[in-house]
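The values are calculated or read from the model by the stated rules, or taken from the named source; none is laboratory data. The structure displayed is predicted, hence computed values, not measured ones. In this analysis, Cβ positions are derived from the backbone assuming ideal geometry, glycine residues included, and neighbour counts consider all displayed protein chains.
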Amino acid sequence: MTVNKVILLVIDGMDTVNLTLANAPAMSGIHGKTAVGVAHTEIIGAGAVLTPIAHAMMGTGSPDVIATRPGFENEGKCYNYYGEVVETVGDVARDADLSRVAVGKNEAAIVLGGTRNLTSSRLELDGIDPSDEKEMTREILDLFYQMEKGILVATYGGVDYTGHHKNVSGLIQAVEKADEIVGVLLKEADLQQTLVIIAADHGTNPITGRHNTAPTPLCLMDSTIAGRVNLGVVHNIEIATTIAGALGLKVPQRAVGRDLGELVQRLLAGEQVSLDYQLELERQLDAFFRKQPLRHEAKRDR
Ligand SMILES: [Zn+2]
């Protein structure tokens with residue numbers, strides 16, 4: 001599938017358990033245009049800054065990447081463990097003259113290579129409340145309509161926020177509000193021209209009030225998808241390659257993983273495709289880490 005626009009909606013804190021607690025018909029694929037995978041979100045050495053790193057992985061397709069939350073003093077670029085800037089799908093889009101748009105939590109900008117790499121934004125630092133689903137929907141649609149060709153990344157904060165406050169019923173409501181955003185997007189976006197990706201950076205457990213690495217949902221929606229396609233186990237790092245594939249862009253330099261849009265097409269064509277994540281992605285990750293210089297070699301080179 002080649003499209004003009006990609007919307008990546010990141011629902012901060014929504015793991016598969018949080019999703020199934022709520023009534024979420026749009027994300028559950030009731031409209032019959034959804035490919036669904038269960039995503040791994042394990043993040044190496046993430047510590048307390050899970051959310052920015054998860055966004056960095058989605059943008060670069062790279063497993064060894066770090067980023068800090070963008071704000072007035074930090075633009076939110078992605079770096080590898082040697083301190084080098086890592087190319088994101090936003091950098092590739094800039095080189096191809098496509099729009100790079102971010103809405104909601106500031107972390108959304110990380111996917112696109114940082115706040116200075118955006119063509120427009122409605123982020124927290126622009127005064128947006130990322131947990132207000134009505135405001136989020138309005139701003140996403142406004143910028144989506146203005147965009148001719150490009151990537152729009154939106155990060156909704158309501159699920160994570162209520163999870164940290166151990167507000168179980170609030171979290172369930174927040175998932176349902178996120179689902180309303182998805183429902184409107186599916187109605188308003190021309191799915192012939194648009195790929196909608198729904199993902200989560202990590203789970204947030206409303207009993208403990210903490211982040212976790214439970215599996216998260218990953219949904220792809222566009223006009224070519226009929227019924228419900230099972231993607232099996234996927235990884236959030238595959239989002240970068242998937243966005244690049246959908247827009248016909250070069251894959252970011254250090255991206256690993258599969259183009260999930262292409263996988264959907266092969267599954268729809270009835271091809272016998274191995275959905276064995278262990279075989280496919282672990283092989284790629286293995287090759288990736290084998291190519292990495294050891295720390296002492298990296299020092300000598302630089
Ligand atoms: Zn959080």
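Structure values in brief
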{"item": "Complete set of residues in region 105-133 that are basic (Lys, Arg) and crowded, with 24+ Cβ neighbours inside 10 Å", "result": "105"}
{"item": "Any hit, region 183-200, residues being within 16 Å of the ligand (Cβ to nearest atom) and touching a residue at least 40 places away in the same chain (Cβ under 8 Å)", "result": "yes"}
{"item": "Pair list, Cβ under 7 Å, 6 or more apart: region 114-128 residue under 11 Å from residue 90 (Cβ atoms), other residue outside any helix (DSSP H, G or I) and small (Gly, Ala, Ser)", "result": "114/76; 115/76; 115/121; 118/102; 119/99"}
{"item": "Output for region 137-180, where each listed residue is under 18 Å from residue 115 (Cβ atoms) and within 16 Å of the ligand (Cβ to nearest atom)", "result": "155, 157"}
{"item": "Boolean, residue 163 is touching a Lys or Arg at 6+ places or on another chain (Cβ under 6 Å) and at pLDDT 95 or above", "result": "no"}
{"item": "Top-ranked residue of region 151-184 - restricted to ones that are of a type in the set (D, E, K, R) and closer than 11 Å to residue 18 by Cα, ranked as surrounded by the fewest Cβ atoms within 10 Å (Cβ to Cβ)", "result": "176"}
{"item": "Positions within region 235-279 being among the β-branched types (Val, Ile, Thr) and in contact (Cβ under 8 Å) with a residue 12 or more places away in the chain, in sequence order", "result": "237, 239, 241, 242, 243, 251, 256, 264"}
{"item": "Residue ID - modelled with the lowest pLDDT, chosen from residues in region 210-225 that are under 16 Å from residue 14 (Cα atoms) and in a loop (DSSP other than H, G, I, E, B)", "result": "213"}
{"item": "Helices (runs of 4 or more DSSP H) contained in region 1-104 and holding at least 1 residues within 16 Å of the ligand (Cβ to nearest atom) and surrounded by fewer than 23 Cβ atoms within 10 Å (Cβ to Cβ)", "result": "16-21, 50-60"}
